[in-house]
Amino acid sequence: MTPELGNFALALACCLAGGQAILPLVGARRRDPRLMALAPALAVGQMLALAFSFACLIDAAVRDDFSVQNVAANSAAAKPLLYKITGVWGNHEGSVLLWALILGICGGAVALFGRNLPSALRARVIAVLGGVSAGFQLFCLTTSNPFDRVWPAPMDGQGMNPLLQDPGLAFHPPILYTGYVGFAVPFAFAVAALIEGRVDAAWGRWVRPWAVAAWCFLTCGIALGSWWSYYVLGWGGYWFWDPVENASLIPWLTGTALVHSAIVVEKREALKIWTVLLASDISFSLSGTFLVRSGILNSVHAFANDPARGIFILGLLALVIGGSLLLFAIRAPALVAGGLFAPVSREGLLVVNNILLCSICAVVLTGTMYPPFMSLLFGKTISVGKPFFDATAAPLAIPLLAFMGFGPMMPWKRAQFWPVLRRLWWAGIVTALAFCLMAWRIRDVLPLLAATGAVWVIAASVADIAERVRLFRIPPGASLQRARMLPRAALGAALAHAGVGISVLGLAAMSQAQHRIVEVRVGQTEMLAGDAWTLTAIRAAPGPNYTSLIATIEVRHDGRLVTVLHPSKRTFPSQNQTTTEVAIHTNLMSDLYGVLGDRHGTDADPTYVLRLHYNPLAPWIWAGGLIMALGGALSLSDRRTRVGAPRRAAAPGMVAAQ
């Protein structure tokens, strides 16, 4: 009975979303306060219905209700409880329902926390969110219903993909989806502004917190996904330019540009067209959803290979993107340009920032989509891999790092480089010394320049805060008092920029990683990065729904025991599949990384394949990502970001609200 209740709640949410998409828009057009007042209630009602539907699906999974097709295909009685719950969103149908739930939560959040918005704008924003929600819920009900029954019900389920039976699955997808879906709110603000024909400082103040929140979640989601791939897949790397990885990177790049453009709209009422276009970032999220679920791109991350589902999402994608672009084409001439600024100014550097970020986005998008289009049009199978992306994205990222150091210290409207350089002199000296030191170790030009740019960004971020508190120019107590009074938005921006530098340092250092693939017997020792790696034992061990073969590897440096690693291989009988469990020892400056491979030889004289890695500064990659997100959250916590938006004054010649 519970699945039927969940299905009914999903259908109810879809009806509420349809009403949410239509009635508030009509109310805003007619200036009918009663219809506009329906928007928050419909949004909250839809959110509660979706939450109940999702809870019903979790209940079916926990109770091992194998009469539900989704549970039978992705769960098993022997599966641990944690993975029964997380497995709900570890498949196509469940992930779509989670996506719809998060979208409903976004609409509910605008309804509950957007009381300071003008009633007409609030109604339009909630209506747009309702329209997008209705599309996803129809997709869920018609082609991807997680509550479909199977008869006769099997005695046990097939179990989930063993690669997904990991604690990382409990956090990575929900956080990533929240970032994806969170950009629906800036998109809704952009569409509402285009309908009204007005973008001003108040609009910039309203849209920026939602963009920052979505960006924080997406940053965390990407960092956690990269870390999951690193320690679960056993490839020894952090990013493989997998098509689905790229599908998450693309909206992150444009979302980063949006966050900075919204600041300019708020401060200077400039870059309005840039900001409205970038606020359509959900278009890239929808594109990624289409690619993952249509069968166009195949990946270890892909959920489904179903053209019918792909056609539905393609139609939704065409409606959302096509409709918003058509509206933009009609309304863009009404977006009066704001404050003028000189090329050398903070606004000018932010324009350069946007151009470089969007250029990297275009490179990643081209490299991702070129192979499937070549296959579709000419029947040719080609591969675009890491060498292409490294060679094309890195030259664009390096100047971006250089400009990031200058941006926060540049005055608005008009500036000169020399006063800024004088305030950054010690950051320049630190960067120059770091370049000289790193040139001895890093021989490749691009990693060396990237590492130098990373040091520059970190040093410039510290210099920005030091300049604000007038460090060493006034008594320490006075500097500390100024630090306490600093806006959290400024601290957050400096922290986020420093996080970028830390991640890039980790990426550049990984170019110096060392690895070996060896075949050894128990007791045999191999050397890597000055350490002695000895396979001391192999043993079998049972698991909840698998059996393990566990290796013991002792790592010594100059005879001193550094660590003991226990990589393993797990065999899942229900799926007849074997996975690799990596063993990692880290001291935050480097990782010792061991992988157990296949068994060869005879029973009397077995040998085992080991993959051994020494990865310098690897933890910095993910630490930097989390620091970036923390900086965004700190900026978001600044009260001035969330309240006190400037009151909208009536603009002469403003396009009449529709």
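Would the chain count as rounded, prolate or oblate if I go by the C-alpha gyration tensor, calling it rounded below 1.5 in a/c and otherwise prolate when a/b exceeds b/c, oblate otherwise?
Here the chain falls in the oblate category.
Longest exposed-loop-site-free stretch of the chain, with chymotrypsin sites (Phe, Trp or Tyr not before Pro), DSSP loop and at most 13 other Cβ within 10 Å?
1-439
Restricting to Cα atoms and excluding each atom paired with itself, what does the Kirkwood estimate give for segment 161-402 in Å?
So the Kirkwood estimate lands at 19.0 Å.
What does the charge dipole of segment 514-618 about its Cα centre add up to, to the nearest 20 debye, if the Cβ of each Lys and Arg holds +1 and the Cβ of each Asp and Glu holds -1?
Dipole about the Cα centre, nearest 20: 160 debye.
Once you treat every alpha carbon in segment 1-127 as an equal point and sum by Debye, what is log10 I(q)/I(0) at q = 0.19, 0.23 Å⁻¹?
So the normalised log intensities work out to -0.91, -1.17.
Give, to the nearest whole percent, the P(r) tail of segment 479-542 beyond 15 angstrom, counting all Cα pairs.
Pairs farther apart than 15 Å: 73 percent.
Rounded, prolate or oblate: which fits segment 102-174, taking a ≥ b ≥ c as square roots of the Cα gyration tensor eigenvalues, rounded meaning a/c under 1.5, else prolate when a/b beats b/c?
Taking the square roots of the gyration eigenvalues as a ≥ b ≥ c, segment 102-174 is oblate.
In debye, nearest 20, what is the charge dipole magnitude of segment 350-470 about its Cα centre with +1 on Lys and Arg Cβ and -1 on Asp and Glu Cβ, if you could check?
Roughly 280 debye, rounded to the nearest 20.
Hey, if you put +1 on the Cβ of every Lys and Arg and -1 on every Asp and Glu Cβ in segment 1-116, which of A17, A111, L81 ends up farthest toward the positive end of that dipole?
Farthest along the dipole direction, towards plus: A111.
Multiply the residue gap between A604 and E519 by 0.36 nm, knock off their C-alpha separation, and tell me the result in nm, one decimal place.
Value of the extension gain: 29.0 nm.
Under the classification rounded if a/c is under 1.5, otherwise prolate if a/b is larger than b/c and oblate if not, where does segment 101-242 fall, given a ≥ b ≥ c as square roots of the Cα gyration tensor eigenvalues?
oblate
Using the eigenvalues of the Cα gyration tensor, what equivalent ellipsoid semi-axes result for segment 504-628 when each is taken as the square root of five times the eigenvalue, whole Å, largest first?
With the √(5λ) rule applied to segment 504-628, the semi-axes are 27, 20, 12 Å.
Using a Förster distance of 56 Å, how high is the FRET efficiency between V564 and L314, based on the Cβ-Cβ distance and rounded to 0.05?
The formula returns an efficiency of 0.60 here.
Taking each pair of distinct Cα atoms in segment 187-245 once, what is the resulting Kirkwood hydrodynamic radius in Å?
14.1
With each pseudo-label sitting 7 Å past Cα toward Cβ, what's the R115-H557 distance in nm, one decimal?
Label-label distance for R115 and H557, simple model: 5.8 nm.
Among H497, L448, P408, whose Cα sits farthest toward the positive end of the charge dipole of segment 403-510 (+1 at Cβ of Lys/Arg, -1 at Cβ of Asp/Glu, about the Cα centre)?
P408
Rounded to whole Å and sorted largest first, list the principal axis extents of the Cα atoms in segment 403-510.
44, 27, 25
Check cross-link reach from K79 to the aspartates and glutamates: straight Cα distance under 16 Å, and skip same-chain residues fewer than eight apart.
Cα-Cα hits under 16 Å: D59, D64, D65, D156, D166.
Using DSSP loop states and a limit of at most 10 other Cβ atoms within 10 Å to flag trypsin sites (Lys or Arg not before Pro), what is the longest stretch of the chain containing no flagged site?
The answer is 116-379.
What does the charge dipole of the chain about its Cα centre add up to, to the nearest 20 debye, if the Cβ of each Lys and Arg holds +1 and the Cβ of each Asp and Glu holds -1?
2840
Setting aside same-chain residues fewer than 8 positions from K413, which lysines have a Cα under 29 Å from its Cα?
Straight-distance partners of K413: K267, K272.
Grab the beta carbon distance between T536 and T381, set R0 = 45 Å, and tell me the FRET efficiency rounded to 0.05.
Rounded to the nearest 0.05, the efficiency is 0.50.
Any read-out appearing in this document is the output of simple, stated calculations on the displayed coordinates, not a laboratory observation. Keep in mind it's a predicted model, so treat the numbers as computed, not measured. With ideal geometry, Cβ positions are generated from the backbone for all residues, glycine too; neighbour counts draw on all protein chains shown.
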